[in-house]
Amino acid sequence: RTEKLMFKKLVTILLFAMFCCWQFNAYANEGDDNVKVVMLLSAHDHGYWAGEVIDAYDVLKKEGVEVVFATPDGTVGIPSGMWTLDKDKSATFRSLAQQLATPQSLAQLDHTDFDAIYIPGGAGPMFDLYNHPTVNTFIKDLYQTNKPIAAVCHGPAALAGVRLDNGKLLIEGKNITGKSNAEEDDWARKNYAFLLEDQLKAVGGLFSAAAPQKPWVVQDGLVLTGQNPASTTPLTELFVQNLRK
């Protein structure tokens, strides 16, 4: 009888140890599945659009996606459009103050550490993200390793100069959207080197858009784009679906 009790105790201990190992491995594997995304901001004086940062961040955070903020060389970006943020979004922005004030340098990041990139708009990307060598290379490397690329409003300016290793432009022949000509004001027409819609078409993009200020999201393979601030949330939700595939 004593031997039977000892045997039962040993079996119980063994089963408990196996359960603990299973729980540990499950926890470790869960960590391995964490999704990590670069949110690339403009560092130009004309700024990034705060609402497109916060709306996207809210969706990504809710889905458990880790967000790393970066600018091309680590220079601090300037938020614009703060007046569009309601009380809750303003609170979220304040909670991100430290991260936004200390962005990573994209040049120092390894694309293999990330699962995707998300690029909000604002006027700034038209000046410093378009055809930037570091930006072009990072986006190309992500795309060529089958990782999603998302950009909204003027963010797709960062895609317009990306050339793949096969010599083809990233968006050549791809369905794409972004800030439409109909949504650009006189300031944009006087200060931008080009209007985004025109440039996306010039490099072979198959551009489409909804009416001004209406949400419009386009996906073509790994490239996801949104037309304007109203498109940020639906674009990010689609982006997350692609991240989970």
Quick check on PHE239: is it aromatic (Phe, Trp, Tyr) and in contact (Cβ under 8 Å) with a residue 60 or more places away in the chain? yes
Return the total of residues in the stretch 51-95 being part of a loop (DSSP other than H, G, I, E, B) and in contact (Cβ under 8 Å) with a residue 40 or more places away in the chain. 7
Answer residue from the stretch 97-129, given it is touching a residue at least 40 places away in the same chain (Cβ under 8 Å) and more than 15 Å from the chain's Cα centre (by Cα) and is surrounded by the fewest Cβ atoms within 10 Å (Cβ to Cβ) among those: PHE127
For the stretch 177-191: of the residues being part of a loop (DSSP other than H, G, I, E, B) and without any contact (Cβ under 8 Å) to a residue 24 or more places away in the chain, which is farthest from VAL240 (Cα to Cα)? ASP185
Any idea how many residues of the stretch 193-218 are under 20 Å from the mean Cα position of the chain (by Cα), within 20 Å of ALA56 (Cα to Cα) and touching a residue at least 24 places away in the same chain (Cβ under 8 Å)? 3
Being on the phi > 0 side of the Ramachandran plot, free of Cβ contacts under 8 Å to residues at least 40 places away in the same chain and either surrounded by fewer than 19 Cβ atoms within 10 Å (Cβ to Cβ) or not aromatic (Phe, Trp, Tyr) (or both), is that true of even one residue in the stretch 143-160? no
For the stretch 192-245, give me each residue that is within 25 Å of ASN146 (Cα to Cα), assigned to a loop (DSSP other than H, G, I, E, B) and modelled with pLDDT of 95 or more. VAL203, GLY204, GLY205, SER208, TRP216, GLY221, LEU222, GLN227
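The values are calculated or read from the model by the stated rules, or taken from the named source; none is laboratory data. No experiment lies behind these values; they were computed from the predicted model shown. Heads up, the Cβs are rebuilt from the backbone with ideal geometry, glycines too, and the neighbour counts pull from every protein chain shown.
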